[in-house]
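Bear in mind these aren't lab numbers, they're just calculated from the coordinates by the rules spelled out. What you see is a predicted model, and the numbers here were worked out from it, not measured in a lab. Neighbour counts run over all protein chains shown; Cβ positions are idealised from the backbone, glycine included.
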Amino acid sequence: MNIMIVGFGTVGQSLAQLLLGYRDFLKKAYGMVVRVVAIVDSKGAAVSQRGLDLDMALRCKREHGTVAKMPSVGSEMSALDVLRSVEADVLVEATHTNLMNGEPGMTNIVNALQLGLNVVTVNKGPLALAMPMLKEMAEHRKLALKFSGSVGGGLPVLAFAKECAMGDRIVKVEGVLNGTTNYILTRMEEGLGFDEALAEAQEKGYAERDPTLDISGMDTACKLVILANEVLGKRVTLKDLKIEGIAEIKPEDIKMAKSSGKVIRLIGVAEESGVFVKPLAVDRSDPLAVKYAYNAVTLTLENSGRHTITGKGAGGRETATAIIRDLISIKERLIGYKIV
Ligand code: HSE
């Protein structure tokens, strides 16, 4: 399988590391040989139809800040130039989330689909702003549009929902979907101030490039849009949601919740009557009361009740595993049968 990676930040680089470390495993377990034919970052690109040397790409990025400096394969080509010139099966879109207009991810995804490439995206911006349109575009062209790493990092939330929904109906989705705010709230419970807790979350690499996306609830809202469309079949985008973040949460609120056996969590809720993001006091024993950078998603089903999946919801390595999962499922689609 030939792939092209656009966006070579934490997640893109983690993907390259996983592909290097798991080369033999992927071949043995799934018969999958992943050749990275192009990497594009904000300063240029590296292209080789025979497959790039990923060790060298990682080293070059570390030392020069761009893969464009790779000897003989590096250039100043744009993502579109590269899309037009390489033969690839899949675009992996891992540029940063921009909620103003979804760029550059939106254009990358649209161009890739128009040129006949399957798409794996961990970029939430294009999905939050235009998920129904992008899904239709992919379906119309009989291409895959996969995004399992856009919700829950490495946690297979979407696959879990699909499994739960076999023979039953999901009526409500509730989730702690943002690692940064959950980390801040947990550290505040332990007595830390908001700013210190945020600084720690940034140091650990959980926060968005612009952390107001986390704090304001926008990141949670993006993931909730994805869940509402995918799990509940709603046709919603960001503009349909009511969104409240954690900027107004004071240490006193946290203490008061604690005195009645509760914790405050930033929860995204999607159900028939609406889709919203809000800090809520939940029982300390509730499965949604996860700590630190953990995420939790609870699905309520008509017959089988509440089911929760929890795990670490942020981090480069974790999110890169979700990309590998999506690549395996695209491989299954390309060969026409299930490997796992
Ligand atoms: N900033 C996000 C979070 C990263 O804290 O959950 C993962 O999407």
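Order by neighbour count: CYS164, CYS60, CYS222, fewest other Cβ atoms within 10 Å first, most last.
Values: CYS164 18, CYS60 22, CYS222 31.
So the ranking, lowest neighbour count to highest, is CYS164, CYS60, CYS222.
Taking 24 Å as the limit for the C-alpha separation, the pairs LYS172/LYS278; LYS124/LYS204; LYS27/LYS312; LYS291/LYS331; LYS28/LYS69; LYS162/LYS338 exceed it in the case of LYS27/LYS312; LYS291/LYS331; LYS28/LYS69.
Rounded, prolate or oblate: which fits region 157-313, taking a ≥ b ≥ c as square roots of the Cα gyration tensor eigenvalues, rounded meaning a/c under 1.5, else prolate when a/b beats b/c? Prolate. If you find the alpha carbon centre of region 84-134 and of region 261-340, how far apart are they in angstrom? Result: 22 Å between the Cα centres.
Spacing of the modelled spin labels on ARG333 and GLU76, each 7 Å from Cα toward Cβ, amounts to 3.6 nm.
Round to the nearest 0.05 the FRET efficiency obtained for ARG306 and THR10 when R0 = 25 Å and r is the Cβ-Cβ distance. The pair ARG306/THR10 has a calculated efficiency of 0.15. The ARG59 and ARG141 beta-carbon pair, evaluated with R₀ = 51 Å, returns a calculated FRET efficiency of approximately 0.90.
For GLY217, the residues whose amide H sits under 5 Å from its own are ILE246, ignoring neighbours fewer than 5 places away on the same chain, with H placed 1.01 Å from N.
Taking GluC sites (Glu not before Pro) as exposed when their DSSP state is a loop state and no more than 13 other Cβ atoms lie within 10 Å, the longest site-free interval of the chain runs over 88-189. Sort the chain into rounded, prolate or oblate with this rule: let a ≥ b ≥ c be the square roots of the eigenvalues of the Cα gyration tensor; rounded if a/c is under 1.5, and if a/c is not under 1.5, prolate when a/b is larger than b/c, oblate otherwise. Cα axes put the chain in the prolate bin. In this Cβ point-charge picture (+1 for Lys and Arg, -1 for Asp and Glu), the chain has a dipole of about 820 debye about its Cα centre.
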